[in-house]
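Note sheet for the following structure.
Values quoted throughout were computed directly from the atomic coordinates according to the rules given, and no laboratory measurement underlies them. Everything numeric here is computed off the predicted structure, so don't read it as measured data. We place every Cβ from the backbone using ideal geometry, glycine too, and count neighbours over all the protein chains shown.
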Amino acid sequence: MASKKANFKKQLVAYSFLAPNFIGFAIFTLVPIVFAVVLAFLRWDGANPIEWAGLSNFTELFDDDQFKAALKNTIVYTAGTVPFTLLASLFLAVILNQGIKARNFFRTVSFFPYIASLVAVAAVWNMIFNPSKGPVNMLLYALGFENVPGWAADKDWAMVTIILFSVWKYMGYYMIIYLAGLQGINPELYEAANLDGTNAWQRFRYVTVPQLSATTFFILVMLTIQCFKVYDIVYMVTQAGPGTATLVLVYDIYNKAFISWNLGSASAVAMVLFALVLTVTLIQFKAEQRMR
């Protein structure tokens, strides 16, 4: 009996430490998720009584031009941002992993865009890429280009601008992860490759890349999820414009929920986004298992 009481007290102490975190998770994460799933099958504007909608919130999305534009733009943004960010962060990590001068300074400079205030860097970015007075277009004019891009103000270049901005902002963070992976590679592998007479490219291709496969897969999954849920960068740089050129799914959720006050439709878009992210993530895990 005494041992049971002692075990009960130990369990009570353990659960008392877990309780604050679990209660916070339940109130601010679990309950809203469950409510969002239920709300996807309801009609509610936040003021009038809730009505049952069934699957109509989902079927109406097929006729919603805003949703279709947001879905397409989200896929285009993700397909453009992920590979370029992977390549840029890997390139930076390989360069800064060498014994170059001021290596720590360049690491800090590369990481700075990720930790800097988004409001500040977006304002600077828009000034640099200003269609009429920005230094980028001024340089293009000086080089003899007549038809220069309109960047964020041009519907044909707005998504390119968002992708370039995202790569620039994200690559420093993932460079740090790649640096950790590079420093974990056994130096004896490079020594053996040198003895075999390999050049720098062959060592990178047959030693560095395979050894970083787990790191690359982790970055790929995390970066893909991050790109699918992008909102802040789009809001700060283009406000989803011009028109719907850079409208993404999370921005569409915001518009439906807090501009149109169609909370059921917003939740339906959120469920579609969840299903899309889940599907892509599962495909990535399946592909990674087959490559082992």
Task: Cβ-defined net charge surrounding Gln226, 12 Å radius [Lys, Arg +1; Asp, Glu -1] - done: +1
Open item on the list: Just to be sure I understand the model, the point goes 7 Å from the Cα along the line to the Cβ. What's the resulting Glu60 to Leu18 distance in nm?
Closed with: 4.2 nm
- [ ] Output the DSSP H helices from the chain with an along-axis C-alpha extent of no less than 20 Å and a mean Kyte-Doolittle hydropathy no less than 1.0.
- [x] 65-96, 158-183, 213-228, 263-290
Task: Inter-label distance for Met222 and Gln183, nm, one decimal - labels placed 7 Å from Cα along Cα-to-Cβ - done: 1.5 nm
TODO: Give the distance, in whole Å, between the Cα centre of region 36-110 and the Cα centre of region 166-196.
DONE: 26 Å
Task: Evaluated over region 154-234, the Cα radius of gyration and Dmax, each in Å - done: 17.1, 54
Task: Radius 13 Å from Cβ of Val250, net charge of other residues (Lys, Arg +1; Asp, Glu -1) - done: 0
TODO: For every other residue with a beta carbon closer than 13 angstrom to the beta carbon of Ala70, add +1 if it is Lys or Arg and -1 if Asp or Glu, then tell me the sum.
DONE: +1
Open item on the list: For a quick check, take a GNM of the chain with Cα springs below 10 Å and name the residue from Gln11, Gln98, Gln211 with the largest mean-square fluctuation.
Closed with: Gln11
- [ ] Just flag the chymotrypsin sites (Phe, Trp or Tyr not before Pro) in region 200-292 sitting in loop per DSSP whose Cβ has no more than 16 other Cβ atoms within 10 Å.
- [x] Tyr231, Trp261
- [ ] With Rg and Dmax of the Cα atoms in Å in mind, check (1) 20.2, 82; (2) 24.4, 89; (3) 19.8, 69 and report the label derived from this structure.
- [x] (2)
